[in-house]
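Q: What follows is a structure written as structure tokens; I'll ask about it next.
Readers should treat all values here as calculations from the given coordinates under stated rules, not as data from a laboratory. Please read all numbers here as calculations on a predicted model, not as lab measurements. Here the Cβ positions follow ideal geometry from the backbone for every residue, glycine too, while neighbour counts run over all protein chains shown.
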């Protein structure tokens, strides 16, 4: 299965909803203000955000007047081109994460976003691309998280640094970075507790992890990635806001796009926070984490072959 086919399969539910909605709106009659308002409402309902929906409607209206476009298929293509151009600015190559020597990557996110599984999949991606990898099990509050990461480590044959349940997470992060430097490992992926952004003590622990890493190398962590669950819709924006207050994020991974998630949330996040999308999760299999490709995402979201 090639990348386009994976995007089609993963975004099937989300793309069907949006493309069918656009088809239903524009096949009714000639485009007028009422139709344009329905179009804007549909975009807002697809989680692209109010400002982005208004901008897309206005851009479309100007273009339609110039080109006299009324056919819904042409409308979908126009939208796909527009979305692709917007998203291209936020495309970040997954391979670029490993450009630093002995890179240390902190992976964060709230409970239930699929963070630990995502770390396993990223590790597999780099291992498949001939990079040495170590996992840091700094989610020490849950024995299940340590066990899950250890299963991934065994599965893809990489090292793991861990401690007992309840140990200091920052200590595990420190040991992971030390191990990475000493053994010249290409990439360290550090799991952090699945903290809720409104839990002050957990967010302070997250800050401590980052500060401790800088004691080994001032450039650490080289990347701080936030994993977001696409099904949470606009709440994902709040998570970006709160995690950014602790430390600047360098990229996002959006998971669960294979479900009933509204894919428009990807555009809303990019537009508001100007953060790159590194990868998107579109399934449970170990190779279902895919590099984010703006053109494929836009076309698939609007069901354009």
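Q: Find the relative contact order for the chain and round it to a whole percent, using C-alpha pairs within less than 8 Å whose residues are 6+ positions apart.
A: Normalised by residue count, the contact order of the chain is 29 percent.
Q: Taking only DSSP H segments of four or more residues, each worth -39500 (n - 2.57), what value at 222 nm results for the chain once the sum is divided by all its residues, to the nearest 500 deg cm²/dmol?
A: My calculation for the chain gives -16500 deg cm²/dmol from helical runs alone.
Q: Further question: If I model a spin label at residue 171 and residue 217 as a point 7 Å from the Cα along the Cα→Cβ vector, what separation in nanometres do I get?
A: Distance between the two pseudo-spin positions: 2.4 nm.
Q: Would you work out if the range 89-233 is rounded, prolate or oblate? Take a ≥ b ≥ c from the square roots of the eigenvalues of the alpha-carbon gyration tensor; rounded if a/c is under 1.5, else prolate when a/b is larger than b/c, oblate otherwise.
A: Here the range 89-233 falls in the rounded category.
Q: Mind giving me the FRET efficiency for residue 96 and residue 183? R0 is 25 Å, r the Cβ-Cβ distance, nearest 0.05 is fine.
A: 0.65
Q: Normalised by the number of residues in the range 90-223, what is the relative contact order in percent for Cα pairs under 8 Å and 6+ residues apart?
A: RCO, the range 90-223: 36 percent.
Q: 7 Å from Cα along Cα→Cβ at both residue 27 and residue 208: what's the point-to-point distance in nm?
A: 5.9 nm
Q: Next question. Using Kirkwood radius over Cα pairs in Å as the read-out, say which of (i) 23.8; (ii) 20.1; (iii) 19.3 was calculated from these coordinates.
A: Correct label, based on the coordinates given: (ii).
Q: Continuing with this model, one more query. Using only Cα atoms, find the angle between the long axis of helix 115-128 and the longest principal axis of the chain, and express it within 0 to 90 degrees, rounded to the nearest 10.
A: 80 degrees
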